[in-house]
Amino acid sequence: MTLDGPRVPYSASLEREIGASIDPVGWAGITSDSIVRGLEGNGGLLTRVKAAAEAGEPYDAVLLLLGTNDFLRDSYNLLLANLKALHAAVRATGTVTIALGLPQSRTSESTPERSAALKRLNEQIASGSGASHFIDTATLVPFDEDSGHLWASDGTHMSAAGYEALGTAL
(Lines give C-alpha, C1' and ligand atoms only; values in the text may rest on other atoms or scores of the structure.)
Protein backbone atom coordinates (compact mmCIF):
# COMPACT_ATOMS: atom_id res chain seq x y z
CA MET A 1 0.00 0.00 0.00
CA THR A 2 1.30 3.43 -0.87
CA LEU A 3 0.81 6.09 1.76
CA ASP A 4 0.88 9.56 0.29
CA GLY A 5 -0.10 11.33 3.50
CA PRO A 6 2.95 11.09 5.76
CA ARG A 7 5.25 12.49 3.10
CA VAL A 8 3.06 15.49 2.24
CA PRO A 9 3.29 18.20 4.88
CA TYR A 10 0.55 20.75 5.47
CA SER A 11 3.24 23.41 5.78
CA ALA A 12 3.26 24.39 2.09
CA SER A 13 -0.39 25.46 2.06
CA LEU A 14 -0.08 27.06 5.50
CA GLU A 15 2.96 28.99 4.29
CA ARG A 16 0.99 30.29 1.30
CA GLU A 17 -1.95 31.27 3.51
CA ILE A 18 0.06 33.24 6.06
CA GLY A 19 2.64 34.63 3.65
CA ALA A 20 5.59 33.67 5.83
CA SER A 21 8.36 31.11 5.71
CA ILE A 22 7.84 27.89 7.64
CA ASP A 23 10.46 25.39 8.79
CA PRO A 24 8.57 22.08 8.64
CA VAL A 25 9.77 19.31 10.89
CA GLY A 26 8.07 15.97 10.73
CA TRP A 27 8.63 12.52 12.07
CA ALA A 28 5.99 10.17 10.76
CA GLY A 29 5.25 6.96 12.60
CA ILE A 30 6.79 7.63 16.01
CA THR A 31 5.37 8.21 19.45
CA SER A 32 5.56 11.22 21.73
CA ASP A 33 8.14 9.41 23.90
CA SER A 34 10.50 9.28 20.92
CA ILE A 35 10.12 13.00 20.28
CA VAL A 36 10.80 13.88 23.92
CA ARG A 37 13.88 11.62 24.02
CA GLY A 38 15.26 13.35 20.91
CA LEU A 39 14.31 16.87 21.96
CA GLU A 40 17.87 18.15 22.19
CA GLY A 41 19.63 15.77 19.85
CA ASN A 42 20.88 16.42 16.35
CA GLY A 43 17.84 17.75 14.50
CA GLY A 44 15.71 17.64 17.65
CA LEU A 45 12.96 20.19 18.06
CA LEU A 46 14.55 22.18 20.87
CA THR A 47 17.91 22.15 19.12
CA ARG A 48 16.28 23.67 16.02
CA VAL A 49 14.41 26.33 18.00
CA LYS A 50 17.58 27.38 19.84
CA ALA A 51 19.68 27.39 16.65
CA ALA A 52 17.17 29.64 14.88
CA ALA A 53 17.21 32.07 17.81
CA GLU A 54 21.01 32.08 17.95
CA ALA A 55 21.13 32.79 14.20
CA GLY A 56 18.96 35.88 14.77
CA GLU A 57 15.93 34.29 13.12
CA PRO A 58 13.83 33.04 16.03
CA TYR A 59 10.63 31.19 15.34
CA ASP A 60 7.47 33.23 15.86
CA ALA A 61 5.63 30.10 16.93
CA VAL A 62 5.94 26.33 17.00
CA LEU A 63 2.92 24.22 16.07
CA LEU A 64 2.94 20.77 17.64
CA LEU A 65 0.77 18.04 16.16
CA LEU A 66 1.75 15.00 18.14
CA GLY A 67 0.06 11.94 19.53
CA THR A 68 -1.70 10.22 16.64
CA ASN A 69 0.65 7.25 16.88
CA ASP A 70 0.14 7.11 20.64
CA PHE A 71 -3.63 7.12 20.12
CA LEU A 72 -3.56 4.49 17.36
CA ARG A 73 -1.45 2.19 19.51
CA ASP A 74 -3.67 2.73 22.58
CA SER A 75 -0.53 3.88 24.39
CA TYR A 76 -1.41 7.49 25.00
CA ASN A 77 -1.26 7.41 28.79
CA LEU A 78 1.97 9.44 28.74
CA LEU A 79 1.00 11.67 25.82
CA LEU A 80 -0.22 14.62 27.87
CA ALA A 81 2.91 14.59 30.05
CA ASN A 82 5.09 14.44 26.93
CA LEU A 83 3.19 17.31 25.32
CA LYS A 84 3.56 19.37 28.51
CA ALA A 85 7.31 18.73 28.46
CA LEU A 86 7.62 19.71 24.80
CA HIS A 87 5.54 22.87 25.13
CA ALA A 88 7.36 23.88 28.32
CA ALA A 89 10.79 23.38 26.73
CA VAL A 90 9.93 25.41 23.65
CA ARG A 91 8.13 28.13 25.62
CA ALA A 92 11.19 28.44 27.90
CA THR A 93 13.02 29.81 24.85
CA GLY A 94 10.44 32.59 24.59
CA THR A 95 8.67 30.97 21.64
CA VAL A 96 4.90 30.74 21.43
CA THR A 97 3.56 27.20 21.09
CA ILE A 98 0.36 26.08 19.46
CA ALA A 99 -1.04 22.65 20.23
CA LEU A 100 -2.84 21.07 17.31
CA GLY A 101 -5.44 18.55 18.35
CA LEU A 102 -5.29 15.08 16.89
CA PRO A 103 -7.14 14.69 13.62
CA GLN A 104 -9.89 12.18 13.21
CA SER A 105 -9.25 8.98 11.25
CA ARG A 106 -11.01 5.80 10.25
CA THR A 107 -9.67 4.26 13.48
CA SER A 108 -10.83 7.09 15.73
CA GLU A 109 -14.27 7.05 14.16
CA SER A 110 -14.60 3.24 14.00
CA THR A 111 -16.68 3.07 17.19
CA PRO A 112 -18.49 5.59 19.37
CA GLU A 113 -16.05 4.74 22.18
CA ARG A 114 -12.98 5.52 20.06
CA SER A 115 -14.56 8.73 18.80
CA ALA A 116 -15.34 9.79 22.37
CA ALA A 117 -11.77 8.89 23.42
CA LEU A 118 -10.32 11.14 20.71
CA LYS A 119 -12.62 13.97 21.72
CA ARG A 120 -11.60 13.60 25.40
CA LEU A 121 -7.93 13.46 24.45
CA ASN A 122 -8.22 16.64 22.38
CA GLU A 123 -10.00 18.35 25.29
CA GLN A 124 -7.11 17.31 27.55
CA ILE A 125 -4.58 18.64 25.04
CA ALA A 126 -6.51 21.92 24.84
CA SER A 127 -6.60 22.42 28.59
CA GLY A 128 -3.52 20.60 29.84
CA SER A 129 -0.70 20.69 27.30
CA GLY A 130 0.75 23.99 28.45
CA ALA A 131 0.51 25.44 24.95
CA SER A 132 -0.05 29.12 24.34
CA HIS A 133 -2.96 28.25 22.02
CA PHE A 134 -4.95 25.22 20.84
CA ILE A 135 -6.47 24.43 17.45
CA ASP A 136 -8.80 21.46 17.04
CA THR A 137 -7.77 19.88 13.73
CA ALA A 138 -10.59 17.33 14.03
CA THR A 139 -13.07 20.13 13.38
CA LEU A 140 -10.99 21.65 10.57
CA VAL A 141 -10.74 18.48 8.48
CA PRO A 142 -13.23 15.97 9.89
CA PHE A 143 -13.08 12.34 8.80
CA ASP A 144 -15.97 10.54 7.24
CA GLU A 145 -16.13 7.92 4.53
CA ASP A 146 -17.59 10.51 2.13
CA SER A 147 -14.46 12.67 2.41
CA GLY A 148 -12.31 9.91 0.93
CA HIS A 149 -10.29 12.20 -1.32
CA LEU A 150 -8.86 13.86 1.81
CA TRP A 151 -7.51 10.59 3.21
CA ALA A 152 -4.92 8.07 2.17
CA SER A 153 -6.17 4.56 1.49
CA ASP A 154 -5.38 3.52 5.07
CA GLY A 155 -7.96 6.00 6.41
CA THR A 156 -5.46 7.18 9.02
CA HIS A 157 -3.19 9.56 7.18
CA MET A 158 -4.40 12.45 5.11
CA SER A 159 -3.83 12.47 1.39
CA ALA A 160 -2.02 15.33 -0.34
CA ALA A 161 -5.43 16.99 -0.75
CA GLY A 162 -6.18 16.47 2.95
CA TYR A 163 -2.91 18.04 4.07
CA GLU A 164 -3.53 20.90 1.64
CA ALA A 165 -6.96 21.39 3.24
CA LEU A 166 -5.46 21.26 6.75
CA GLY A 167 -2.78 23.84 5.97
CA THR A 168 -5.31 26.14 4.35
CA ALA A 169 -7.70 25.79 7.29
CA LEU A 170 -4.96 26.44 9.85
The chain, accessible area per residue, ligands and nucleic acids excluded (1.4 Å, Å²)
52
Of the listed values (i) 16.4; (ii) 17.5; (iii) 19.8, identify the label whose number matches Kirkwood radius over Cα pairs in Å calculated from this model.
(i)
Quick one: with all protein chains in place, what share of the accessible area of the chain is carbon or sulfur, to the nearest percent (1.4 Å probe)?
52
If you take every DSSP beta bridge whose two residues both sit in the chain, what share of them, in percent to the nearest 5, is antiparallel?
10
For helix 45-54, what angle does its Cα long axis make with the longest principal axis of the chain, in degrees from 0 to 90 and rounded to 10?
40
GNM of the chain, Cα pairs under 10 angstrom: of 149, 87, 157, the biggest fluctuation goes to 149
Local charge sum around residue 51 (other residues, Cβ-Cβ under 15 Å, Lys/Arg +1, Asp/Glu -1)?
-2
What order do you get for 125-131, 68-74 when each peptide is scored by the mean count of other beta carbon atoms within 10 Å, highest first?
125-131, 68-74
Cα convex hull of the range 71-170: mean projected area in nm², to one decimal?
6.5
In whole Å, largest first, what are the principal axis extents of the Cα atoms in the range 15-91?
39, 28, 19
For the chain, calculated [θ]222 nm from helices alone, where every DSSP H run of n ≥ 4 adds -39500 (n - 2.57):
-12000 deg cm²/dmol
Taking the Cβ of residue 145 as the center, what net charge do the other residues with Cβ under 14 Å away carry, scoring Lys and Arg +1 and Asp and Glu -1?
-3
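The values are calculated or read from the model by the stated rules, or taken from the named source; none is laboratory data. It should be emphasised that the depicted structure is a prediction, and the values quoted were computed from it without experimental measurement. Ideal geometry is used to build each Cβ from the backbone, glycine not excepted, and the neighbour counts take in all protein chains shown. Calculation scope for accessible area: heavy atoms of the full protein, side chains included, ligands and nucleic acids excluded. Shrake-Rupley method; radii C 1.70, N 1.55, O 1.52, S 1.80 Å.
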